[in-house]
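Participant: This structure is in structure tokens; I'll ask about it shortly.
Laboratory data are not the source of any read-out in this text; all were calculated from the coordinates shown. Worth saying up front: this structure is predicted, and the values here are computed from it rather than measured. Cβ sites come from the backbone with ideal geometry, for glycine too, and all protein chains shown count toward neighbours.
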Amino acid sequence: MLTRRQATMVTLAAAGTAGWSNAFAATVTAAEVVARIRRNFGARWTESQVDGFAAGDPQLRVTGVAVTVMPSMATLRAAVAHGCNLIISPESPLYARPNAIGAPGPSSAAETIERLRADPTYTAKQAYIVQHKLAIYRLDENLRAAARRPLVDGIATIMGWRGRRDPANDQIFVPPPTTLNALAGSVKHHLGINGGMRLIGHGDMPVKRVLVVPGRIDPVAVVKLLPQVDVLLTGDLREWELVEYFHDSWETSAPKALIAVGRILSEQPGVIATASWLRPMVGLPVRPIHVQDPYWRLPA
Amino acid sequence: MTPREMVERMIAKAAEEGAPAPARAGYRDTFKIGDPDVQITGIATTGMSTFRVLKRAAAEKRNFIIPHEGTWFNDRDDVKGYVDQDPLYLAKKKFCEDHGLVIWRNHDLTHRMHPDQMFVGQLRQLGWTPDAMPLIGRMPTVTLPRPMTLAELARHVVTRCGAHAYRIAGPPDMMVRKVAVGVGYAFPNFQMDPDVDVIVGGEAQEGTDGSLPSYDLTEFAADATALGRPRGLILLGHMGTEDIGMQVVAEWIRDLAPGVPVAYLPAGEPFARPD
């Protein structure tokens, strides 16, 4: 039962036909695929402590490329099922930044790291990667810095707001006038949110202008844009930072609404959309693999 | 009595009860606004000094507010280059000045107490007895009196803490025997005890940007489940886990201020009721 449920955690994009990867002789290495992406980024590519191979052998012969917002077990299994052995994702398969170790706290950082690396889940996932000869390339900082703002574009496209950008700011959109409730319902539908959405504001609040910040927000930059908008649509933000700000704003004459859908779901449309522009760069088919909202809520 | 004297008494009482002194002065437990040397008319403790809490405190003639979290929308309460020109910040600040409010943040001290006052509040709220007393570190575990499914457990905790904007990850029908309890953002993890089935906490790292030991617990739980070891997570929100600890603080400071009215004013969850 669990297995069946987990199997439904991943939905595969309908594009393409099964077995297409077999048509390609696996002669291109994972390192060469990345080199092609770097060449296409040109001067916009920067050396990053984050971007790089997070798992697997860069000399792997690539049978197919998969793009996903999260290289979870479910995603890796879906990639394998489609003959893809190079997975490109902004996230790490091993839950945190590799080699980044924070300040030792009450939880004893060193002990946690040691135990995590020995954990059956961690070792089984690594074994799966080895067994299926997968490579995982983390494309994060360079993706975010790309001039075309792929993550914002992803939400704009899926929400039908492509022609509705504020000419003065490419993260602000002017959808047809609506209410907070109607907007939240539309976001929920288009981004595939199950239980991960949180809102601040009154449902009948009129909405004209929306600031879109996928992923995790920078409060210092975002707070300065809030006077220009009614709503912030974002992924992940801390409750002692701008969540408090939004909550407080309802005690003033200039209330602001918040729609937070979680970091992963907010980045998924943009990451999935990269498949189409990575394809000509790498010269191989690139298959998008969706993840579902991990969060759910109790029946009322 | 003045806010400054009150804070001195709290620190002295904590020391008497065995809370270790901090290695160096921190930036969190400081006065955020107001004159620490005025006479206290009344005290309000709260999880967060939201504008709504400040208005209620002023209406009740409580001029000394003791929140657990920050007032100015960041951990350091540093407004420079952030909100120092912002109309909401200016309005909240002016409200404090107009009503003579004094705010002292009580964060690190609550967590240094033995036991940590935030965990005392949350365990009491959830109606659970931790497996070990005194609490070791900041990660109490609770072996449930009877195993239950994740859905049953979630029903219990959201009912007890009254959270509406909660989030649950993991298979609803997985059996839960042992739970780790987190408060605020300070999370336990699945490595502290391999028998922990579910973590019940406030808010968590999202994505894999974290520096270990902080990591993406939701992803880990999903992968563990996919690999045959079901794990779950119940996120109750920051105030769903730490507001209540400031009720513990209100009780703890009451005898330090004879004749001064002390009340716990819950900040409540900031999010709207879903649906």
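Participant: Before rounding to the nearest 500, sum -39500 (n - 2.57) across all DSSP H runs of length at least 4 in chain A and divide by the residue total; then give [θ] at 222 nm in deg cm²/dmol.
Facilitator: Details: 11 runs with 109 residues, N = 300.
After summing the helix terms and dividing by residue count, I get -10500 deg cm²/dmol.
Participant: Note down the net charge around A:ASP236, summing +1 for each Lys or Arg and -1 for each Asp or Glu among other residues with Cβ under 10 Å from its Cβ.
Facilitator: Details: positive: A:ARG216, A:ARG238, A:ARG263; negative: A:GLU267, B:GLU203, B:GLU206, B:ASP209.
Taking every other residue near A:ASP236 into account, the sum is -1.
Participant: Which one of B:LEU256, B:LEU90, B:LEU126 has the biggest mean-square fluctuation once chain B is modelled by GNM with Cα springs under 10 Å?
Facilitator: Of the options given, B:LEU90 has the highest mean-square fluctuation.
Participant: Also, quick follow-up: Using label points projected 7 Å from each Cα along Cα→Cβ, tell me how many nm separate B:HIS114 and B:ASP173, to one decimal.
Facilitator: Reported label-point gap for B:HIS114 and B:ASP173 is 4.7 nm.
Participant: Quick check: pseudo-label points 7 Å beyond the Cα along Cα→Cβ at B:ASP78 and A:VAL130, how many nm apart are they?
Facilitator: About 4.4 nm separates the two model spin labels.
Participant: For a quick check: with amide H placed at 1.01 Å from N, whose amide H comes under 5 Å from B:ARG177's, ignoring anything fewer than 5 positions away on the same chain?
Facilitator: Residues meeting the criterion, in which the H sits 1.01 Å from N, are B:ASP197.
Participant: May I pose another question? Amide H of A:PHE53: which non-local residues (sequence gap of 5 or more, or other chain) have their own amide H closer than 5 Å, using H built in the peptide plane?
Facilitator: Placed amide hydrogens put A:ARG138 under 5 Å from A:PHE53.
Participant: Same structure, new question: Using each residue's phi in region B:239-244, evaluate 6.51 cos²θ - 1.76 cosθ + 1.60 at θ = phi - 60° and report the 3J(HN,Hα) Karplus result to the nearest Hz, with x for Gly and Pro.
Facilitator: 6, x, 10, 10, 3, 4
Participant: Return the sequence-ordered ³J(HN,Hα) values of region B:197-205 in whole Hz as given by the Karplus equation 6.51 cos²θ - 1.76 cosθ + 1.60 applied to θ = phi - 60°, using x for Gly and Pro.
Facilitator: 8, 9, 9, 10, x, x, 10, 9, 3
Participant: Give the order of A:THR63, B:THR129 when sorted by the count of other beta carbons within 10 angstrom, beginning with the fewest. Display every interim value, and only then the final one.
Facilitator: Details: A:THR63 18, B:THR129 11.
Placing the least packed residue first, the sequence is B:THR129, A:THR63.
Participant: I would also like to ask the following. Of all the Cα-Cα pairs you can form in region B:1-143, what percent are over 25 Å apart? Before the final figure, lay out each step's value.
Facilitator: Numbers: 3545 of 10153 pairs.
Result for the distance tail: 35 percent.
Participant: Over the Cα atoms of the protein assembly as shown, compute the convex hull volume and normalise it per residue, giving Å³. Mind dumping the intermediate values first?
Facilitator: Values: hull volume 88.0 nm³, N = 575.
Expressed per residue, the convex hull around the Cα atoms of the protein assembly as shown is 153 Å³.
Participant: For chain A, what number of Lys pairs, 8 or more residues apart or on separate chains, have alpha-carbon atoms under 27 Å from each other? Intermediate values should be presented prior to the final figure.
Facilitator: Numbers: A:LYS125/A:LYS133; A:LYS188/A:LYS208; A:LYS188/A:LYS224; A:LYS188/A:LYS256; A:LYS208/A:LYS224; A:LYS208/A:LYS256; A:LYS224/A:LYS256.
Final tally of qualifying lysine pairs is 7.
Participant: For chain A, which DSSP H helices look membrane-span-like by this rule: Cα extent along the axis of 18 Å or more and mean Kyte-Doolittle of at least -0.5? Don't skip to the answer; put the middle values down first.
Facilitator: Details: long enough: A:263-282 (27 Å, 0.38).
Qualifying helices: A:263-282.
Participant: Within a 10 angstrom radius of the beta carbon, how do B:TYR215, B:TYR264 rank from fewest other beta carbons to most? Walk me through the numbers before you get to the answer.
Facilitator: Working: B:TYR215 27, B:TYR264 20.
Least to most surrounded, the residues fall as B:TYR264, B:TYR215.
Participant: When all alpha-carbon pairs of region B:64-185 are counted, what percent fall beyond 21 Å? Before the final figure, lay out each step's value.
Facilitator: Values: 4100 of 7381 pairs.
In whole percent, the long-distance tail amounts to 56.
Participant: Further question: Given the Cα-Cα distance of B:ASP195 and B:THR143 and 0.36 nm per residue of separation, how much length would full extension add, in nm?
Facilitator: On the way: separation 52, 0.36 × 52 = 18.72 nm, distance 0.97 nm.
In short, 17.8 nm is gained.
Participant: Within region B:1-30, report the trypsin sites (Lys or Arg not before Pro) that DSSP leaves as loop and that have at most 16 other Cβ atoms within 10 Å.
Facilitator: On the way: sites: B:ARG4, B:ARG9, B:LYS13, B:ARG24, B:ARG28; in loops: B:ARG24, B:ARG28.
Sparse-neighbourhood loop trypsin sites (Lys or Arg not before Pro): B:ARG24.
Participant: A further question follows. Please label the shape of region B:131-275 as rounded, prolate or oblate, based on the square roots a ≥ b ≥ c of the eigenvalues of the alpha-carbon gyration tensor (a/c under 1.5 means rounded; beyond that, a/b larger than b/c means prolate, else oblate). Walk me through the intermediate numbers first.
Facilitator: Working: a/c = 1.86, a/b = 1.71, b/c = 1.09.
It is prolate, given that a/c is not under 1.5 and a/b is the larger ratio.
Participant: Something else now. Could you pull the Rg and Dmax for region A:202-300, using just the Cα atoms, both in Å?
Facilitator: 16.9, 55
Participant: Can I ask one more? For region A:150-266, report the translational diffusion coefficient in µm²/s to the nearest whole number, using Stokes-Einstein at 25 °C, 0.890 mPa s, and a Kirkwood Rh over Cα pairs. Present the calculation step by step, with values, prior to reporting the outcome.
Facilitator: Numbers: Rh = 14.0 Å.
Answer from the Stokes-Einstein relation: 175 µm²/s.
Participant: Summarise the long-distance tail of P(r) for region B:73-116 by giving the % of C-alpha pairs beyond 17 Å.
Facilitator: Tail of the P(r) past 17 Å holds 50 percent of the pairs.
Participant: Same structure again: So what J values fall out for region B:58-73 if you push phi through Karplus, 6.51 cos²θ - 1.76 cosθ + 1.60 with θ = phi - 60°, rounded to Hz, Gly and Pro as x?
Facilitator: Going residue by residue, I get 4, 5, 8, 6, 9, 9, 10, 10, 10, x, 7, 9, x, 9, 10, 6 Hz, with x marking Gly and Pro.
Participant: Quick one: which residues, 5+ away or cross-chain, put their amide H under 5 Å from the amide H of B:ILE33? H built at 1.01 Å from N.
Facilitator: B:ILE103
Participant: Could you identify which residue out of A:VAL220, A:VAL50, A:VAL62 has the top mean-square fluctuation in a GNM of chain A using Cα springs shorter than 10 Å?
Facilitator: Highest fluctuation of the listed residues: A:VAL220.
Participant: Using only the alpha carbons of region B:135-180, determine the length spanned along each of the three principal axes and report them from longest to shortest in whole angstroms.
Facilitator: So the extents along the principal axes, rounded to whole Å, are 29, 22, 18.
Participant: Quick check of the Kirkwood formula: for chain B, what is the inverse mean of 1/r over all pairs of different Cα atoms, in Å? Can you show the working numbers first?
Facilitator: Details: mean 1/r = 0.0507 Å⁻¹.
Evaluated on chain B, it is 19.7 Å.
Participant: Give the value in nm², to one decimal: projected area of the alpha carbon convex hull of chain A, averaged over all directions.
Facilitator: In nm², the orientation-averaged hull projection of chain A is 18.3.
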